[in-house]
Amino acid sequence: AIVRHDGREAVTMAIIKQNEARMDDLKSEVDRLLAELRTDYPEISFEITRDQTELLSFSINNLLMNLILGIVLASVILFLFMRSKRLPILIVISIPLSLILTLMIFRLIGISLNIISLSGLILGVGMIIDNSIIVIDNVSQKRSAGFLLNDAIIFGTKEVFSPMLSSVLTTCSVFIPLIFVSGTAGALFYDQAMGVTIALFASLVIAISIVPVYIFLLFRKEDQLHHKASIRAFSTDRLTACYERVLNFVFRHAKAALLSFGLAVIAIVLVFDSLKKERMPEISHTDALVTIDWNAGILVEENDRRVQSIIDEVGEDILTFTSMVGTQDFLLSHTKDITSSEAVVYIKTESSEKLEAVEKAIYERISSLYPMASVDFSASGNIYDVIFQTDETDLEIRLQTKDGTLPSLSDVRNVRDSLRRHFPKVAFPPIVSENTLLYRVNLEQMALYGVTYNELYSHLRRIVGNEKIYTINDGAQSVSVIIGVDTPDKEGLLATTVKSGKGGDIPLHLLVNVAQGEDFKHLYAASIGEYYPICINVADDTVEEIMQWLKANVKDSDESDLSVSFSGNYFSSRDLIRELLVVLLVALALLFFILAAQFESLIQPLIILSEMLIDVAMVFIVLWAIGESLNIMSMIGLVVMAGIIINDSILKIDTINNLRRNGFRLLRAILEAGHRRLRPIIMTTLTTIFAIIPLLSHADIGSALQYPLSLTIIIGMTVGTYISLFFVPLLYYIIYKK
């Protein structure tokens, strides 16, 4: 085997962290060790490549900055809406108090600060201050209505406690079904669910206990008139007038508004089929692993020469590379096992665009010079890819005979060639094979010279270095003891001699006949038996076309002896999406029961939840329009959105019910509730959106992972605010006007 780093011969080592070790400790220890080695061995160059600690540290630091930026943006919204100098500061104070309480609970229940839990905190920042905004705004309204300060604080807090508790419960309840998501994803997002849940309950405790005390301390020495002027937010006459005009327009065009509700249902069905579906969102990479199989019996030296030649020709944009040629010798392998005619090359570039250009150049160069070779590009194996296994191909075509056995090499090649003719734009990989030598024993010669089959078989195993005589077991490790010599070539092997039972040395070429052939290089098997896979990455509609063609021309054809089955990301992503759709339905059912208990009604929860149809439709339409896929993160975003966007409607319906109980007529109650809750609804929406805006980037794994979730929530919150302000009151009026 040969290993080169940036063209120089090297020895490469994989350093793998133990489960209980801290990443920062590993990094510092490796740095310390390298410093010592560089001092002790100045003639040797020591370099680190594929450093995952750097990637994770950057992601966590970036998420911490996003958390701070989200707090700042949310605070700016408060200062814009509240001209008072002290009230926004009072609300901002509730953020660190809630976070401190949240982190204390994290410590108690054993949740660490990681990419997922930090993302949960960022999602929760905008919602953390919602409760404080609602309490302060309601106390302000009570104080403006003439209540004494103590009474305004007590009654103002008491009045909104029930809808706030309901809002927190509904938001948290949507996370409960997420624990039933199968696989690593379900277990991993436990941290995110707990982060949001704990942060929201902490904010509720702060809003009903600490915030009222601070209001009292801030304004107890001020007289009533001065207090009214300072505690009230700036005038919202223009905002209120605009709200009334739009609300009147919606009520005058009630049929059109209801028609949009029906169109939303149709849009969900139509757009859902058109959306690209995948398991996890695509993460941009600046590095990759290139696996090359020359599909020819070449020496390691020739393999190395070809690799270096290709890299030299396309290497202008490559910052660094490490090539591993031939069979490697890792104790804990971090790359796939390869033979002498295969190579694995790690390449790193400045950007994902340059990486894509380098990959294309490598593929085109190898295809033109060595058409029988196969080239595969994959992620370099960072933590994200290892956990979520995003390297699964879109479609894996599994070929078998109809008896469930491995097909012949010629049959597989015929199918592959037919596919290339019918789908010329799709890159079908070449069939990987190897030349073989088949040794058949000559039984007559063996009988003549007195050599038994076991003696001959044992001799061959020893010659090719495959005679294991013992295994040393040490804890979790086992080492095989093998007797053998360096593997000779064909002529050298036939020139060896075997001891016969008569005491003579018999040349091996007298006992065996040699035939040359060709066979598959790798064997694949599953529950269906042995098969040969053809793996391709194409769009969903092309996947469907290829499957239909194969079913018609291979699987269901009377002339073909082959059977075809399919696997890949196309199927696993759809299974996961269906699973999350069930989770969404369960979450909506939980929301319905919680709202039914609060409002003591079966109709009002349906009014509130009806907005979900329009919100989901708009999310699907926007994702489709901008080319985003429907994946586990965007689906979790839909589930989370379900718990967030109905909070405004809960507050609106609760206020309407209270006003009607106090003697307001229906239309007057709807209008008055709109006036009272207009500013807190807009403020809470904007603070939530602005708090998660920093996640709308692909700068690191953490942000890129949360991008579809954040985008979904922002779309849903934007549309949901309009629905809460105008569509929900319209439904309420239509249902209760008689």
Filter result (modelled with pLDDT of 80 or more and under 18 Å from Gln706 (Cβ atoms)) within segment 103-123 | Ile111
Return yes when Glu434 is modelled with pLDDT under 80, within 35 Å of the chain's Cα centre (by Cα), closer than 30 Å to Ile298 by Cα and open to solvent by less than 80 Å² (accessible area, probe 1.4 Å) and no when it is not.
-> no
Could you figure out which of (1) assigned to a loop (DSSP other than H, G, I, E, B); (2) more than 28 Å from Ser274 (Cβ to Cβ) isn't true of Ser563?
-> (1)
Pairs where the first residue, in segment 349-361, is within 19 Å of Ser309 (Cα to Cα) and the second is assigned to a strand (DSSP E or B) and open to solvent by 40 Å² or more (accessible area, probe 1.4 Å), C-beta under 8 Å, 6+ apart = Thr349/Leu319; Glu359/Phe377
From the residues in segment 341-354 that are of a type in the set (S, T, N, Q) and crowded, with 18+ Cβ neighbours inside 10 Å, which one is nearest to Arg50 (Cα to Cα)?
-> Thr349
Can you name the residue in segment 557-606 that is hydroxyl-bearing (Ser, Thr, Tyr) and modelled with pLDDT under 85 and, of all such residues, is least open to solvent (accessible area, probe 1.4 Å)?
-> Ser573
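Mind telling me which of the residues Ser610, Ser634 ends up being among the polar types (S, T, N, Q) and surrounded by fewer than 19 Cβ atoms within 10 Å (Cβ to Cβ)?
Within the list Ser610, Ser634, the selection yields Ser610.
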Count of segment 341-384 residues which are modelled with pLDDT of 80 or more and assigned to a loop (DSSP other than H, G, I, E, B) = 7
With the condition kept exactly as written, say whether any residue in segment 413-423 is within 23 Å of Phe377 (Cβ to Cβ), in contact with a Leu (Cβ under 6 Å, 6 or more places away or on another chain), in contact (Cβ under 8 Å) with a residue 60 or more places away in the chain and not in a strand (DSSP E or B).
-> no
So is Arg679 in contact with a helix residue (DSSP H, G or I) (Cβ under 7 Å, 6 or more places away or on another chain), under 18 Å from Lys142 (Cβ atoms) and not acidic (Asp, Glu) or not?
-> yes
Within segment 407-425, residues closer than 18 Å to Tyr532 by Cβ, open to solvent by less than 50 Å² (accessible area, probe 1.4 Å) and not small (Gly, Ala, Ser) come out as Pro407, Leu409, Val412, Val415, Arg416, Leu419
Only residues that are farther than 17 Å from Glu282 by Cα and open to solvent by 10 Å² or more (accessible area, probe 1.4 Å): list them for segment 613-631, please.
-> Leu613, Ile614, Val616, Met618, Ile621, Val622, Ala625
Which ones in segment 3-31 are touching a strand residue (DSSP E or B) at 6+ places or on another chain (Cβ under 6 Å) and at pLDDT 90 or above?
-> Val3, Arg4, His5, Ala10
Give the residue that is farthest from Val582 (Cα to Cα), with candidates limited to residues of segment 147-176 that are open to solvent by 10 Å² or more (accessible area, probe 1.4 Å) and of a type in the set (A, V, I, L, M).
-> Leu148
Would you be able to say whether some residue in segment 305-312 is open to solvent by 60 Å² or more (accessible area, probe 1.4 Å), out of contact with any Asp or Glu (no Cβ under 6 Å at 6 or more places or on another chain) and assigned to a helix (DSSP H, G or I)?
-> yes
Pairs where the first residue, in segment 1-27, is in a loop (DSSP other than H, G, I, E, B) and the second is loosely packed, with under 11 Cβ neighbours inside 10 Å, C-beta under 6 Å, 6+ apart = Ile16/Leu332
What pairs come up if the first residue lies in segment 201-221 and is touching a residue at least 40 places away in the same chain (Cβ under 8 Å), the second is among the acidic types (Asp, Glu) and in a helix (DSSP H, G or I), and their beta carbons are under 8 Å apart, counting only those six or more places apart or on different chains?
-> Ser203/Asp130
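Select from segment 659-685 the residues that are in a helix (DSSP H, G or I) and among the small types (Gly, Ala, Ser) and list them in ascending order.
Within segment 659-685, the subset in a helix (DSSP H, G or I) is 659-661, 666-685.
Residues satisfying the conditions are Ala669, Ala673, Gly674.
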Consider Ala552 carefully, then state whether it is among the small types (Gly, Ala, Ser) and in a strand (DSSP E or B).
-> no
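The values are calculated or read from the model by the stated rules, or taken from the named source; none is laboratory data. Values in this document were obtained by computation on a predicted structure and should not be read as measured data. Note: ideal-geometry Cβ built from the backbone for every residue, glycine included; neighbour counts use all protein chains shown. Ligands, DNA and RNA are stripped out before the accessible areas are found, and what is left, the full protein with its side chains, is counted by its heavy atoms. Shrake-Rupley method; radii C 1.70, N 1.55, O 1.52, S 1.80 Å.
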